[in-house]
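Written out below as structure tokens is the structure these notes cover.
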Amino acid sequence: MTNGKHGFRGGSNGRGESRPELRRQLRNWSYRPLRTRILRWTKWTVAVAALAAVALLEVQVQQLQTVLDFSSRYRIPADLAQAVFEIALSEDLEPDLAFRLVRVESAFRRHAVSEAGAVGYTQILPSTARWMDPRLKEGTLFDRDTNLRLGFRYLRMLLDEYEGDMRLALLAYNRGPGTVQAIVARGGDPANGYATRVIGSE
């Protein structure tokens, strides 16, 4: 039977090939490269994800070893060492400095209270803590994470105020910014041995 318009037999392309067969070949020609690209992309994506997972695991293992090293060095529980380490990082403070600060301030004693009323691991004054966080409730400063967070944040603020001068920032942490500024303004030296106790030099 002849198609009047094209002169093709029904179901044929004029070369003896059926239209379903032609369509199948066209599909193969059109989609085979695409399927190949998708397969390659999928394999590449899986490989990248696997490498990222391995890298993340390596970082986590390194951090865990660092935390265990701090725990052994200061003879404190691993969970406390982990809290000091992670909160220091979250407050943009060097973990080594954070551990040194807590050692000098409270000897890692959660319920330490000074004669001046400074509280907890970082020996932060309640008035300073409330200034930093007006929502702070009474007694909350004995919470481990709250105390570490506020103490480390306060030291970070002082480091920024003194343009990274570790010595002055530590002295201001210990003596108060007003006292340190007044002494410096008179041409004096606010050193009292505190910075030496924390970082080893003043």
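Just to verify a number: FRET efficiency for Arg130 and Val184, C-beta to C-beta distance, R0 = 22 Å, to 0.05?
0.25
May I ask for the Kirkwood hydrodynamic radius of segment 126-165, worked out over all distinct Cα pairs and given in angstroms to one decimal?
About 10.6 Å, per the Kirkwood formula over Cα pairs.
Rg over Rh of segment 61-102, using C-alpha atoms and the Kirkwood radius, what does it come to?
That ratio is 0.92, to two decimals.
Å³ per residue of the Cα convex hull, for segment 38-82?
Taking the convex hull of the Cα positions in segment 38-82, it is 42 Å³ per residue.
Which of the trypsin sites (Lys or Arg not before Pro) found in segment 66-140 are loop residues per DSSP with 14 or fewer other Cβ atoms within 10 Å of their Cβ?
Those satisfying the criteria are Arg75, Arg109, Arg110, Arg135, Lys137.
Ordered by packing density, taken as the mean number of other Cβ atoms within 10 Å over each peptide's residues, highest first, how do 86-98, 165-177 rank?
Packing order, densest peptide first, comes out as 165-177, 86-98.
When the label point is put 7 Å from the Cα of Asp92 along its Cα-to-beta-carbon vector, which residues of segment 160-199 have a backbone N closer than 14 Å?
Under 14 Å, as judged by backbone N against the label point of Asp92, lie 160-165 of segment 160-199.
Work out, in µm²/s and without decimals, the Stokes-Einstein translational diffusion coefficient of segment 53-148 at 37 °C, 0.692 mPa s, Rh from Kirkwood over C-alpha pairs.
After rounding, the answer is 232 µm²/s.
Take every Cα pair under 8 Å in segment 140-194 that's 6+ residues apart, average their separations, divide by the length, and report that relative contact order as a whole percent.
Answer for segment 140-194 is 21 percent.
Read-outs: derived from the displayed coordinates by stated rules, not from any lab. Being a predicted model, the structure only gives us computed values, none of them experimental. Ideal geometry is used to build each Cβ from the backbone, glycine not excepted, and the neighbour counts take in all protein chains shown.
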